[in-house]
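So the structure is just underneath, and the comments pick up after that.
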Amino acid sequence: MSKQQLIIFDTTLRDGEQSPGAAMTQDEKVRIALALERLKVDVIEAGFAIASPGDFAAVQAVAREVRESIVCSLARTNVADIQRAAEALQPARRKRIHTFIATSPIHMEMKLRMSPEAVLESAIGAVKLARTLSDDVEFSAEDAVRSDMDFLCRVFEAVIKAGATTINVPDTVGYSVPAQWGERMRSLIERVPNSHKAVWSTHCHNDLGMAVANSLAAVMNGARQVECTINGLGERAGNASLEEIVMSVKTRQDVFDVETRIDATQIVPCSRLVSAITGYPVQPNKAVVGANAFAHESGIHQDGVIKHRQTYEIMRAEDVGWGSNKLTLGKLSGRAAFRKRLEELGHRFRSEGELAEAFARFKDLADKKHEIFDEDLQMLVTQADQARSAEPITLVSMEALSKTGTRPVAKVALSVDGQVKEVQAQGDGPVDAVFAAIEKLVVSKSRLLLYSVNNITTGTDAQGEVTVRLARDGRIVNGLGADTDIVIASAKAYINAINRLDAPGERAHPQREFEPTP
């Protein structure tokens, strides 16, 4: 008996971007979308088109570039949202409009200020309008976990009748537990008379750490679409993790009567790309994509794995993309091979000048590192994107001195709107001194929320990836910097964050002026 397909709906570009400071540029969204397409994700939710002109342009750009996956845009249940989503999705080969409204008593009363009947009418009207603009329409009942079951059944029956092809049941606040969530999905499918006319979907948040477990419980009870993100990215505690959902289904085929289209060998490369672009590092003990996911420290475990891998490993590292990320190029390699590898990673050069700039950065890095990995290349592209954005503040030079018995001092030269300025400052450490010097020159008046250092690859010559999160006047941004010298990487990250703070239209939260979303 053949298994049914489990549709993987990725919302990294929309829900994942709601993580503080994780807002992405249009080019970055396109790069991630193409990586998701290589991963063979079924549906890519590219954004919330009406949220801003930038969101609209990003959805449109993803719709233009992606050819195989369905491209989706979120919309509230009003005419303007739905029309804007349809307009942004116009270039897409395959498109979906995803409309939502809250259905729980607390949301309807306290947030929407709408009666249940008004919510029902709004949902029906939105789906009917969306169906005139797209054959593929998804409806979500925000906060379904705390919604009355009888009311949910009424809403779902009505929107399916109005033309919804996918029904999404979200645990918006991460409140459920697996047994309860599975039962709710089973009950809804049984009680809604026309449930067979739609695909049933689940969208779980991770506030209690059960997003993946809840999602899988829903699958075992009839859900045939899971909404998730790369690395579990998302606001608050994040969303269900795509890699954990996919590998659970793939590994436990004895339990799940479904299968996915996902090319699992693309999981780790996609994870690394999202981490590099958003500035959200992957914790070492993260399932599937963490650096320690296939590491064995215990002597007993090591002995068992050496004798027979399956004694302690239920998945093969190479099946999810580990071990296949080394670029066999060095400083003597040619431009054609360099271009080919980056194109295989989903990056297309827009001009020969752009290629020449990236290749020069590659040569500089090859002089410092013996082995170049795909993660290094992804970071080269990210740095090239930053350089092309004509940031008003750039690092010219930096010198930091730290020794026992003295307070560290740093001398920094910056180009600020084309004018080079130099200053010296002290700090508790070399990085603190560098940040103090930069602040003397630019006076950003920001607050440092996070300083994080991670090695991009292995070895003592690895590039260090530094993430700096700054806040000012309610805006939160991530800055990213990389270098084989951690202090230089820190300076780059801090400057990148300041430039983002000052960038016109840069949004710390994609939906800051909008309702919370499913």
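Structural remarks
- Residue match in the range 385-392 (condition: aliphatic (A, V, I, L, M), on the phi < 0 side of the Ramachandran plot and surrounded by 14 or more Cβ atoms within 10 Å (Cβ to Cβ)): no
- Of the residues making up the range 176-206, those that are touching a residue at least 12 places away in the same chain (Cβ under 8 Å) and assigned to a helix (DSSP H, G or I) number 14.
Here's the yes/no breakdown for (1) over 24 Å from residue 365 (Cα atoms); (2) assigned by TED's automatic domain parsing to the domain that holds residue 483; (3) aromatic (Phe, Trp, Tyr); (4) in contact with a strand residue (DSSP E or B) (Cβ under 7 Å, 6 or more places away or on another chain):
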position	(1), (2), (3), (4)
405	yes, yes, no, no
409	yes, yes, no, yes
426	yes, yes, no, yes
431	no, yes, no, no
448	yes, yes, no, yes
454	no, yes, no, yes
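- Residue 444 vs. criteria small (Gly, Ala, Ser) and within 30 Å of residue 377 (Cα to Cα): no
- Tabulated pairs, the range 50-70, first in the same structural domain as residue 94 (by TED's automatic domain parsing) and modelled with pLDDT of 95 or more, second of a type in the set (Asp, Glu) and not in a helix (DSSP H, G or I), C-beta under 8 angstrom, 6+ apart or interchain: 69/42; 70/42; 70/136
- Looking only at the range 309-329, and only at residues there that are under 28 Å from the mean Cα position of the chain (by Cα), in a loop (DSSP other than H, G, I, E, B) and aliphatic (A, V, I, L, M), the one that is modelled with the lowest pLDDT: 314
- Yes/no for residue 16 being buried (at least 20 other Cβ atoms within 10 Å of the Cβ), on the phi > 0 side of the Ramachandran plot and in the same structural domain as residue 138 (by TED's automatic domain parsing): no
- Residues in the range 209-232 that are touching a Ser or Thr at 6+ places or on another chain (Cβ under 8 Å), under 28 Å from residue 21 (Cα atoms) and surrounded by fewer than 24 Cβ atoms within 10 Å (Cβ to Cβ): 210, 212.
- Among the residues of the range 223-245, those identified as farther than 16 Å from residue 175 by Cβ and of a type in the set (Gly, Ala, Ser) are 223, 232, 241.
- Residue 334 passes every criterion in (1) buried (at least 18 other Cβ atoms within 10 Å of the Cβ); (2) at pLDDT 75 or above; (3) in the same structural domain as residue 380 (by TED's automatic domain parsing) apart from (1).
- Residues being in a strand (DSSP E or B) and under 16 Å from residue 320 (Cβ atoms) - total across the range 220-258: 2
- Counted as qualifying within the range 392-509 are the strands (runs of 3 or more DSSP E) with 2 or more residues that are closer than 22 Å to residue 19 by Cα and modelled with pLDDT under 95, namely 447-455, 464-472, 475-483.
- Test for residue 77: is it over 23 Å from the mean Cα position of the chain (by Cα), at pLDDT 95 or above, surrounded by 19 or more Cβ atoms within 10 Å (Cβ to Cβ) and assigned by TED's automatic domain parsing to the domain that holds residue 147: yes
- Residue that is surrounded by the fewest Cβ atoms within 10 Å (Cβ to Cβ) [pool: residues in the range 178-192 that are in contact with a helix residue (DSSP H, G or I) (Cβ under 6 Å, 6 or more places away or on another chain) and under 12 Å from residue 156 (Cβ atoms)]: 191
- Note on the range 39-49: residues that are of a type in the set (A, V, I, L, M, F, W, C) and either assigned to a strand (DSSP E or B) or without any contact (Cβ under 8 Å) to a residue 60 or more places away in the chain (or both) total 4.
- Scanning the range 103-110 finds one or more residues that are surrounded by fewer than 18 Cβ atoms within 10 Å (Cβ to Cβ) and either touching a residue at least 24 places away in the same chain (Cβ under 8 Å) or not assigned by TED's automatic domain parsing to the domain that holds residue 205 (or both).
- Sole exception among (1) of a type in the set (A, V, I, L, M); (2) under 25 Å from residue 361 (Cα atoms); (3) surrounded by 14 or more Cβ atoms within 10 Å (Cβ to Cβ) for residue 420, by number: (3)
- Verdict on residue 28 being in contact (Cβ under 8 Å) with a residue 12 or more places away in the chain, charged (D, E, K, R), under 21 Å from residue 134 (Cα atoms) and in the same structural domain as residue 130 (by TED's automatic domain parsing): no
- Positions within the range 285-308 being surrounded by 11 or more Cβ atoms within 10 Å (Cβ to Cβ) and at pLDDT 85 or above, in sequence order: 286, 287, 288, 289, 290
The values are calculated or read from the model by the stated rules, or taken from the named source; none is laboratory data. Since we're looking at a predicted model, the values are computed, not measured. All Cβ positions, glycine included, derive from the backbone under ideal geometry; neighbour counts span all protein chains shown.
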